[in-house]
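Novice: Dropping the structure in here first, questions after.
Bear in mind that the values in this text are calculations on the coordinates, not laboratory data. Remember, predicted model here, so these are calculated numbers, not experimental data. Neighbour counts run over all protein chains shown; Cβ positions are idealised from the backbone, glycine included.
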Amino acid sequence: MRLFSLRSGTALAAVVCAGATALTLAPAAQAAAGCQVTYTISSEWPGGFGASVSVDNIGDPISGWKLTWSFGAGQTISQLWNGSYTQSGAQVTVTDAGYNASIPTGGSAGFGFNASWNGSNPVPANFALNGTPCTGAVSSPSASPTQSPDTSPSASPSQSPSQSPSPSPSSSPSPSPSPSPSGSTPPSNPVGKVLTVAVGSPFRPVTHVATGGLYGLAENGKPADSTLLPLKVNSLTQPAPGVGQRPNGQPPGGDSLLVAPQATRVGAGEYIRMPDIYSNFPYQWVSWNDWLAKVDTMVRARLNATSVSNILGWELWNEPDWTWKTANAGAFNDGWTRTFRAVRALDTTTPIVGPSISYYNRSWLSSFLSSAKAAGTLPDIICWHELGSPNNIAANIADYRALESSLGISPRRISINEYAATSEVDVPGRIASYVAKFERAGVESAHRAFWYEYGTMNGLVTNNTQPTGTWWLYKWYGDMAGRMVTTTPPNQTGLDGFASYDGTRKIVNVVLGNEAGTNTVRLTGIGALGPSVQVTVESTHTQGRFTAAPAATSVSSAVYRVTGDQLLVIVPNMAASDGYHVVVQPASGVPSYQQRYEAEDASVFRAQRLTASSASEGGYVGRIDNATSTHSTDSYVDFVVNVPAARTYTMTIGYANGGGATATQGLAVNGGSWGAVSYPATSGWGQFGATTGTTVGLKAGYNVIRLAKGSPGFSGGTGNAELDYIQLT
């Protein structure tokens, strides 16, 4: 969400139209009038945007209203709710919807709309309510029209701006019995089912583990980078080099090496699904000689692609519990070992992923793991699919951990590289439940299942550039920063959600769904947000993978007083299929854009996320050690950042260097030319507080900043440095 302020004329947080002029007149013969407008751009995409408008009445009560304004750059409204509108050129008139026609003194009315834009999207000007300019002052028309006016001091302007997805509140200067500037009294009793969000209980970095897809990308930049960068894509499973697979009869596509440049541009890693070298599914086995020759060809192609460095793993087979041809190929456990050894003979370092069975099956996995342990061919990353329901995810992962332990196997990283059935994958409310369970269970990655067309991020994008309804849920997920915090649903079915807290901006983000009716989010541990908070709720609905959804829908916005460190947020009239987004932030305002990016939240390649009490948000990235001539094992960290304006930014880097001498890393922005960053020695490894600085030229919007020990195009850094965060100012 982008927010702006008219007070400075620059891109900031909220637009509150407030002026400084009042009239001192003779006794009024008409009602006193006055108004204040908060205009919020809630979302923006190429060619379109969504906005919400709140009108505060600071004069006498109103029965029936019209709000007018002028657009400044050809914006055109296409849809409006909670009112009706007409537009003639730049001039817009919005009329009440009947049920919201009355606005008491100190009250407000609101509406939202979607619109198109081209080139620029400045804030509108000249808001007027029933003909009275909305200056933030009260005017009392005189019975004597010849009376000359005085000027008096204006009411103070509204709070400082924010770029979070919630409008900043404006306090009413009216002496009438409006809510206190510190906000309304929040609900005291929960309604319906309750999702508890323990803001004070962080448990892992914000790595967007479930923002991934099977065959999410296709060659030639499909879908567009602009649709992927806001999602902070974690990883993808893509077909093997030289792909022969024809998914749903489509031509072969999505070759992992050919789409690697785009995946890299958006900060995503890739797993390579090796059996997709075959043209048919289920795979048509030929012979061992044929298969091993294919393995050799695929691995050599990947090793020879020295410009590709984002490969996270080899997936040796897919759903062997029903696609492995035992009659022709022999037992899968033996086939796994044979294939594993063929890959390792050529590539000794890239992680191996498997067995990728079609559903969690303890007895099947027990046999497989026992065989692989005996043969010395255990996968580095354990994988299975969750395609039927999110309800058993927590139990399945807990059972796997118990099985692993009982077999004397050290904990494996977990990837669920296909999730959600055909009836679920395009349903935001259901997806919220999947993501919540993956986050709480600690999986490393999870990918949306492929059912239909490749190159659409599994139905999140239509027409290559347009978001669908489910895209917005992942956009909210992508906006999360700081640390994931603990959520507790009523049970494993129905209402569920996931949440983050960004301690540097003091913003709580909650995404929830999978429940109908009016329900409650209970937030605890929010004392750091101050005595009053702004709470914004929005929703997203989907009509399927071919219908564009240009914006999320505003549900409510309010300022509440906080007593203690708890707050109840009521989410009314939920639909089980819809996703919901709750944003809580200090009513006093937050920084206008995210400035600090934690290293452990970034895309990390051949390095390690670690913890330290002295690190910002308790985490950092260390063991950024590798720089090789082939670049297949290079170590680097990619930060996907979002800035409000194109300019040169000062980049401060929190780091540690216990090596005793100055270390260096390469620095590149958006795949451009390389510079260097120097890290003087510090007191020790894992001991933070030191910073170093440089400058970076960034374009407005999303950018990818790489800090590297080694990377394609870079000759390599010297020494070693651990990364805590970057800060852009």
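Novice: Rounded to whole Å and sorted largest first, list the principal axis extents of the Cα atoms in the stretch 521-652.
Specialist: Principal extents (largest minus smallest coordinate, Cα): 58, 45, 33 Å.
Novice: Amide H neighbours of residue 418 under 5 Å, at least 5 residues apart or on other chains, H built in the peptide plane: list them.
Specialist: Hits under the 5 Å cutoff: 386, 447.
Novice: Right, next: Provide the FRET efficiency to the nearest 0.05 for the residue 548-residue 279 pair, computing r from the beta carbons and using R0 = 25 Å.
Specialist: 0.15
Novice: Ratio of Rg to Rh for the stretch 596-728, alpha carbon only, Kirkwood?
Specialist: Numbers: Rg = 13.6 Å, Rh = 14.5 Å.
When Rh is taken as the Kirkwood radius, the ratio is 0.94.
Novice: Another question about this same structure. Counting pairs of Cα atoms in the stretch 295-431, how many percent are more than 26 Å apart?
Specialist: Details: 2687 of 9316 pairs.
More than 26 Å apart: 29 percent of the Cα pairs in the stretch 295-431.
Novice: May I ask you to list, by number, the DSSP H helices of the chain whose Cα span along the axis is at least 18 Å and whose average Kyte-Doolittle hydropathy reaches -0.5 or more? Don't jump to the answer; show the numbers that get you there.
Specialist: Working: long enough: 288-304 (24 Å, -0.46); 332-346 (22 Å, -0.40); 362-375 (19 Å, 0.18); 393-406 (20 Å, 0.15); 428-441 (20 Å, -0.26).
Helices passing the filter in the chain: 288-304, 332-346, 362-375, 393-406, 428-441.
Novice: 5 Å is the cut-off here: which amide hydrogens, built 1.01 Å from N in the peptide plane, fall below it relative to residue 352, excluding neighbours closer than 5 in sequence?
Specialist: Those lying under 5 Å, H to H, from residue 352 are 314, 380, 381.
Novice: Kindly flag which residue pairs out of 325/437; 193/506; 232/699; 437/475; 437/506; 475/506 have an alpha-carbon separation exceeding 22 Å in this structure.
Specialist: Values: 325/437 33 Å; 193/506 26 Å; 232/699 17 Å; 437/475 18 Å; 437/506 24 Å; 475/506 19 Å.
Cα-Cα > 22 Å for 325/437; 193/506; 437/506; rest within.
Novice: Let me ask another. Would you mind listing how long the chain runs along its three principal axes, going by Cα atoms, in whole Å with the largest first?
Specialist: 101, 56, 49
Novice: Could you quote the convex hull projected area for the stretch 207-479, Cα atoms only and averaged over all directions, in nm²?
Specialist: Approximately 13.1 nm², given one-decimal rounding.
Novice: Using a cut-off of 15 Å between alpha-carbon atoms, which aspartates and glutamates can reach residue 222, once sequence neighbours fewer than 8 places away in the same chain are excluded?
Specialist: 255, 453
Novice: Measuring from label point to label point, each 7 Å out along Cα→Cβ, what is the residue 246 to residue 334 span in nm?
Specialist: Between residue 246 and residue 334, the simple spin-label model gives 3.3 nm.
Novice: Express the C-alpha Rg of the stretch 173-292 as a ratio against the empirical globular expectation 2.2 N^0.38 Å, rounded to two decimals.
Specialist: Relative to the rule-of-thumb radius for its length, the stretch 173-292 sits at 1.79.
Novice: Rg (Å, one decimal) plus Dmax (Å, integer) for the alpha carbons of the stretch 286-346?
Specialist: 12.8, 40
Novice: Over every pair of different alpha-carbon atoms in the stretch 627-695, take the mean of 1/r and invert it; report that Kirkwood radius in Å. Intermediate values should be presented prior to the final figure.
Specialist: Numbers: mean 1/r = 0.0714 Å⁻¹.
Radius from the Kirkwood sum: 14.0 Å.
Novice: In addition: Grab the other residues whose beta carbon is less than 15 angstrom from that of residue 253, score K and R as +1, D and E as -1, and report the net.
Specialist: Value of the local net charge: -2.
Novice: Please work out, to two decimal places, the log10 of the ratio I(q)/I(0) at q = 0.14, 0.26, 0.32 Å⁻¹ from a Debye calculation in which every Cα of the stretch 658-701 carries one identical scatterer.
Specialist: Result of the Debye calculation: -0.44, -0.96, -1.19.
Novice: Dipole size in debye (nearest 20) for the stretch 596-728 around its Cα centre, Lys and Arg Cβ +1, Asp and Glu Cβ -1? Write out the running numbers ahead of the final one.
Specialist: Details: 8 positive and 9 negative charges, 58 e Å.
Magnitude of the dipole: close to 280 debye.
Novice: Which ordering of 347, 496, 426 is given by a fewest-first count of other beta-carbon atoms within 10 Å?
Specialist: Values: 347 18, 496 29, 426 25.
Placing the least packed residue first, the sequence is 347, 426, 496.
Novice: Something else about it: If the stretch 351-462 were replaced by its equivalent ellipsoid, with semi-axes equal to the square roots of 5 times the Cα gyration tensor eigenvalues, what would those be, largest first, whole Å? Please list the in-between numbers first.
Specialist: Working: eigenvalues 146, 44, 25 Å².
Semi-axis lengths for the stretch 351-462 are 27, 15, 11 Å.
Novice: Also: HN-Hα J couplings of the stretch 563-570 from phi, Karplus 6.51/-1.76/1.60, θ = phi - 60°, integer Hz, Gly and Pro as x?
Specialist: Those phi angles translate into 10, x, 10, 10, 8, 9, 10, 8 Hz.
Novice: How much of the DSSP bridge set in the chain is antiparallel, in percent, rounded to the nearest 5? Can you show the working numbers first?
Specialist: Working: 144 of 176 bridges.
If we restrict to bridges inside the chain, about 80 percent are antiparallel.
Novice: So, counting K/R as plus one and D/E as minus one, what does the shell of residues with Cβ under 15 Å around residue 207 add up to? Can you show the working numbers first?
Specialist: Working: positive: 204, 232, 413, 440, 483, 609; negative: 439, 444, 479, 502, 598, 600, 601, 617, 638.
Spelling it out: positives minus negatives among the neighbours equals -3.
Novice: Please list, in order along the stretch 638-650, the HN-Hα scalar couplings obtained from phi with the Karplus expression 6.51 cos²θ - 1.76 cosθ + 1.60 (θ = phi - 60°), rounded to whole Hz, x for Gly and Pro.
Specialist: Those phi angles translate into 9, 9, 8, 10, 9, 10, x, 8, 7, 5, 8, 10, 7 Hz.
Novice: Please list, in order along the stretch 408-415, the HN-Hα scalar couplings obtained from phi with the Karplus expression 6.51 cos²θ - 1.76 cosθ + 1.60 (θ = phi - 60°), rounded to whole Hz, x for Gly and Pro.
Specialist: My calculation for the stretch 408-415 gives x, 9, 5, x, 8, 5, 10, 10 Hz in order.
Novice: Counting Lys and Arg as +1 and Asp and Glu as -1, what is the net charge of the other residues whose Cβ lies under 14 Å from the Cβ of residue 114?
Specialist: Numbers: positive: none; negative: 44, 538.
Taking every other residue near residue 114 into account, the sum is -2.
Novice: Would you please give the residues with an amide H less than 5 Å from that of residue 191, counting only those at least 5 places away or on a separate chain, with H modeled from the backbone geometry?
Specialist: Residues meeting the amide H criterion: 520.
Novice: FRET efficiency for residue 345 and residue 100, Cβ-Cβ distance as r, R0 = 51 Å, nearest 0.05? Walk me through the numbers before you get to the answer.
Specialist: Values: r = 71 Å, r/R0 = 1.39.
Efficiency, rounded to the nearest 0.05: 0.10.
Novice: Right, here's the next one. Can you put 184, 63, 635 in order of Cβ neighbours within 10 angstrom, beginning with the fewest?
Specialist: Numbers: 184 13, 63 9, 635 25.
Ordered from fewest to most neighbouring Cβ atoms within 10 Å, 184, 63, 635 come out as 63, 184, 635.
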